[in-house]
Structure formats: C-alpha cells, structure tokens
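Let me begin by presenting the structure, written as structure tokens, before commenting on it.
The values are calculated or read from the model by the stated rules, or taken from the named source; none is laboratory data. These figures come from a predicted structure and were not determined experimentally. Cβ placement follows ideal geometry from the backbone for every residue including glycine, while neighbour counts extend to all protein chains displayed.
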Amino acid sequence: MKKTAFISLMLLLSSPTFAQFTVSGELRTRGEYRNGYKTIPTSFTNSLIMVGQRTRINATYKRDKLTTYISLQDARIWGEDKWKADNNGLGLFEGWAEYRFNHNIALKAGRQSLIYDDQRLFCSGDWRTFAEAHDVARMLFTSNDKTFHFHLGYAINNSGDIEGDAFLSEYSLKATQYKNMVYGHLNKSWANGFSASLVGVRDGFQTSPIGTSQLDPLGVNYRTTFGSYLEYQTHAWFFSAAGYLQRGTARDNRNIKANFYSARAKYMFTPKNTLTLGYDHYSGTNFSSADALAETRTFSTLYGPGHKFLGYMDYFGVPENHGAGINDLLLRVNIGIGEKGGLEATFHQFNLPEEYLRNGTQVDKNLGQELDLVYSYKLDNVVAIKAGFSTFLYTESMEQLKGRAPGQGDSALFGWIMLVVKPTFFSTK
C-alpha cells in the first residue's frame with residue numbers, strides 16, 4: 001500500500017499539470033589575505049587573514065500563473081560567534097511572489113534582488129558575503145515577442161518597531177538607506193543585436209531641518225537619476241555605452257548636479273578569449289569653489305557595485321564617498337584555459353576629475369594603477385573554485401585621498417580563494 005502511494009505521488013509530481021518545485025542551495029566560502037584592501041597600508045598597520053561564509057537554501061514553486069521564491073541565508077565571518085553559539089542565525093535574503101495576469105503583465109512583490117543592464121545602478125552585490133536585496137513591489141510589462149520590457153517599481157521603508165506607532169516617526173536607517181523609492185526601467189531589443197534601455201529612479205532620504213538636530217518625519221530630500229544604457233553585439237564584437245544625469249537635493253540639503261558616462265568595446269577572438277577596453281567617468285565636486293557649500297556634483301551609483309567596475313581592491317567601493325569623483329581607464333584580457341578554466345587580467349588607470357579633495361588640498365589628478373588577476377575553474381556543474389590577486393600602485397595623491405601622509409604607505413596587496421558549491425537537492429522538473 002505504501003509503495004503504491006509513493007509511486008502515485010511520484011507520477012503526480014512528474015505530471016505536466018502539477019506544480020514545479022525545486023530546492024537548491026549555495027555554500028560559498030572565501031578566504032582573504034588583506035594588506036591594502038580598501039585602504040593604503042602603512043608600517044603601523046597589520047595584514048589580516050579572514051574567512052567569510054555564505055550558506056543559502058532556496059525554494060522555487062511554479063504553477064500556472066504563480067511563481068514564488070524563498071531564499072534563506074546565513075552570512076558570517078569565521079570566528080564571530082562562539083563555537084558553542086549561533087548568534088547570527090538564519091535570515092531571509094529573498095522572499096517574493098510573482099503573479100502573471102496574462103502573457104504580458106505580472107506583479108512581483110516582496111524582498112528581491114534588482115538587476116538591470118550592466119548592474120551599474122542596481123545589482124545583487126554578490127561579491128559581498130551578505131549580498132543585497134530590496135523590499136519592493138514591481139509591475140512587469142512584456143511584449144508577446146519578449147523584445148520589449150517595462151518595469152515599474154515602488155518601495156517604502158520603515159523601522160521594525162513602527163507597527164505599534166500610531167504617528168509618523170523617524171526612520172532609523174535614514175543615514176544609510178532610502179525612505180522611499182520609485183523607478184521605471186524600459187528595454188527594447190532588436191534582431192540585429194542592438195538593445196536600448198531607459199531608466200529613471202527617484203529615491204528619498206529622511207533628513208532633519210537645517211540648523212537643528214530635531215528629527216522631522218516629513219523632511220525627505222529627493223534625488224532623481226535618469227539616463228540610458230545601450231548595447232550592440234556582432235559575432236566578434238560587443239559594444240556598450242551608458243550616460244546618466246542626477247538632480248535633486250542631497251541628504252545634507254545641497255543641490256545635486258552630477259553626471260556619469262561610460263563606454264566599453266570588447267573583441268571576442270573566441271567565446272573564452274576576449275580583449276576589452278573601457279572608460280568610466282563619475283563626476284566630482286570642485287571643493288575649491290564656494291559653490292561646493294551649496295551644490296554637489298558628485299555622482300552616486302545608487303545601488304550598483306563599485307567592486308565590479310572600479311577594481312577588486314575596493315578603493316572606490318562606494319565611489320561617491322570621497323566626493324571628488326573618479327575616472328577609470330581599463331584594459332581587460334580573458335583567456336580560456338582548457339575546457340573548465342579561465343584567467344582574467346584587468347589593468348586600471350585611475351584619475352580624479354577634480355584636483356581638490358574634500359579638505360581643500362590640491363593634488364595631482366593621477367591616483368595610480370591597479371592590477372587584478374582572477375583564475376576560475378569549474379570542477380563540475382555544482383562545484384567551482386576561484387582565486388584572485390590584486391595590487392595597487394598608488395601615487396601621493398591617492399595617499400592623501402585615503403588620509404595618509406605622502407610617502408607613508410607600504411605595498412598594497414590583496415589575495416583571495418573561494419569555493420562555490422551550488423547543489424540542487426530536489427526538483428520535480
């Protein structure tokens with residue numbers, strides 16, 4: 001009887017009319033050697049060896065017009081908990097439901113990663129152990145031929161204790177996170193290899209009135225970012241370009257007038273052997289001008305990654321932090337090694353768009369060069385190993401940008417090795 005019931009259940013699960021259910025996981029462990037990661041080392045600083053670990057279990061359910069996804073995550077640094085304790089525990093990385101009203105319109109709501117275009121403005125932050133997700137609702141519009149997409153998203157954030165509050169109150173994460181956000185993203189692709197995107201993002205940050213430390217729940221400054229991303233691909237070439245403008249009011253009540261533009265050209269000798277030349281410009285504020293007191297020209301990358309674009313040593317992980325902007329000229333070579341391996345080598349030349357730092361010091365615009373090497377090897381469809389080495393050849397200007405005295409810095413080195421395991425535990429497909 002039990003055997004018959006089990007066989008019946010297996011046949012039911014394999015039926016095309018039955019829901020598709022998949023349980024998968026990720027176990028990622030990365031060891032790092034830091035002696036100049038994020039900032040310049042000196043004779044007074046010590047190198048660091050650390051291990052970060054991310055563990056995820058993911059469940060996907062699909063039936064008819066409904067798709068749900070839940071990803072539970074534990075992210076930790078080895079040793080941050082006592083070996084007899086588990087203080088971090090398991091948390092929700094993603095949890096969303098998508099309902100498709102018809103072939104063209106869907107609603108997707110919950111905690112989810114936002115990824116668009118080359119991830120310049122929105123990304124999953126996968127390099128970081130804890131990654132990145134937003135609490136957001138999105139309307140998704142798609143054409144019948146799948147060549148046109150329009151997404152409209154809205155998010156509003158509050159502190160966890162607001163449920164018992166009958167009145168407006170301060171948002172406790174106002175220093176680091178938006179209070180609300182609305183965005184639209186439109187993408188159209190053509191059969192000739194060309195695609196174009198238009199994006200507009202308006203995010204608001206709770207502030208306090210000027211000249212007082214008193215909190216104002218209704219005081220929200222808004223920033224608007226808008227622009228376009230373009231791609232064109234042939235059999236051997238890939239080109240991309242992007243340009244964005246930023247306007248509005250900053251958190252410190254200054255007016256925002258910032259811009260960003262970038263271009264990439266990649267030649268593909270084979271799918272695994274490529275050569276890429278690129279240039280990125282993030283506008284900065286001229287701190288020698290009196291206008292800097294009332295106006296900022298420093299471009300913010302919103303919720304995109306500095307790590308992916310501005311060097312793996314993360315000296316510009318949040319490129320707007322130092323205020324003076326950044327220009328990056330890069331050359332990248334990808335070489336396939338056998339069927340399962342690959343080597344990536346990237347050279348960056350970093351320069352400041354403006355020659356004055358936030359403290360008013362005038363410096364040479366040349367910040368130095370960074371070399372990043374990454375080797376990857378796929379053991380099978382589940383297990384992969386990656387390793388990287390980076391060094392930064394900085395100038396005195398870079399030392400001053402990072403708060404060091406000229407000539408004080410030592411050699412900047414960063415190395416890492418990572419094991420990534422992504423098993424599928426169960427699937428009805």
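For the condition within 29 Å of G36 (Cα to Cα), loosely packed, with under 14 Cβ neighbours inside 10 Å and out of contact with any helix residue (DSSP H, G or I) (no Cβ under 7 Å at 6 or more places or on another chain), G403 qualifies. L92 falls short on exactly one of the conditions (1) within 30 Å of G25 (Cα to Cα); (2) surrounded by 14 or more Cβ atoms within 10 Å (Cβ to Cβ); (3) touching a residue at least 12 places away in the same chain (Cβ under 8 Å); (4) under 19 Å from the mean Cα position of the chain (by Cα), and that condition is (2). Close contacts from the stretch 118-130, counting a first residue that is at positive phi and a second that is of a type outside the set (A, V, I, L, M, F, W, C), with Cβ to Cβ under 8 Å and a gap of 6+ residues or different chains, come to Q119/G304; Q119/P305; Q119/K308; G125/E132; G125/P305. The residues of the stretch 319-334 that are more than 17 Å from T39 (Cβ to Cβ) and in a strand (DSSP E or B), listed by number, are N327, D328, L329, L330, L331, R332, V333, N334. Just wondering, is there one or more residues in the stretch 121-133 that are of a type outside the set (A, V, I, L, M, F, W, C) and modelled with pLDDT of 95 or more? Checked the stretch 121-133: no residue is of a type outside the set (A, V, I, L, M, F, W, C) and modelled with pLDDT of 95 or more.
Filtering the stretch 223-275 to residues that are at pLDDT below 95 and among the small types (G, A, S) leaves only A250. A count restricted to the stretch 335-366 and to residues that are of a type in the set (V, I, T) and not in a strand (DSSP E or B) stands at 2.
Residues are listed down the side, and each one gets a yes or a no for (1) farther than 13 Å from T39 by Cβ; (2) of a type in the set (F, W, Y); (3) in contact with a strand residue (DSSP E or B) (Cβ under 7 Å, 6 or more places away or on another chain):
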| site | (1), (2), (3) |
| --- | --- |
| Q369 | yes, no, yes |
| V383 | yes, no, yes |
| K386 | yes, no, yes |
| T391 | yes, no, yes |
| D410 | no, no, yes |
| W416 | yes, yes, yes |
| V420 | yes, no, yes |
| T424 | yes, no, yes |
| S427 | yes, no, yes |
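Criterion first (out of contact with any strand residue (DSSP E or B) (no Cβ under 8 Å at 6 or more places or on another chain) and either without any contact (Cβ under 8 Å) to a residue 24 or more places away in the chain or under 28 Å from E32 (Cβ atoms) (or both)) does H307 satisfy it? In short, yes. Quick check on my filter: what residues within the stretch 367-414 are under 21 Å from the mean Cα position of the chain (by Cα) and either in a loop (DSSP other than H, G, I, E, B) or closer than 18 Å to N46 by Cα (or both)? Residues satisfying the conditions are S390, F414.
Could you check A155 against (1) at positive phi; (2) surrounded by fewer than 19 Cβ atoms within 10 Å (Cβ to Cβ); (3) not basic (K, R) and say which number it fails? Status for A155: all satisfied but (1).
Among the residues of the stretch 131-139, are any of a type outside the set (G, A, S), in contact (Cβ under 8 Å) with a residue 60 or more places away in the chain and either assigned to a loop (DSSP other than H, G, I, E, B) or in contact with an Asp or Glu (Cβ under 6 Å, 6 or more places away or on another chain) (or both)? Within the stretch 131-139 (the criterion being of a type outside the set (G, A, S), in contact (Cβ under 8 Å) with a residue 60 or more places away in the chain and either assigned to a loop (DSSP other than H, G, I, E, B) or in contact with an Asp or Glu (Cβ under 6 Å, 6 or more places away or on another chain) (or both)), the answer is yes, since at least one residue qualifies. Here E170 passes the criteria (1) modelled with pLDDT of 95 or more; (2) within 30 Å of D74 (Cα to Cα); (3) touching a Leu at 6+ places or on another chain (Cβ under 7 Å); (4) not aromatic (F, W, Y) except the one numbered (1).
Number of residues in the stretch 140-149 that are part of a strand (DSSP E or B) and of a type in the set (G, A, S): the value is 0.
Look at the stretch 171-191: where a residue is closer than 14 Å to A155 by Cα and without any contact (Cβ under 8 Å) to a residue 60 or more places away in the chain and a partner is of a type in the set (S, T, Y) and assigned to a strand (DSSP E or B), sitting 6+ places away or on another chain with Cβ atoms under 7 Å, you get V182/Y154. Residues that are among the polar types (S, T, N, Q) and not in a strand (DSSP E or B) within the stretch 226-273 comprise T234, N253, T270, N273, listed in sequence order.
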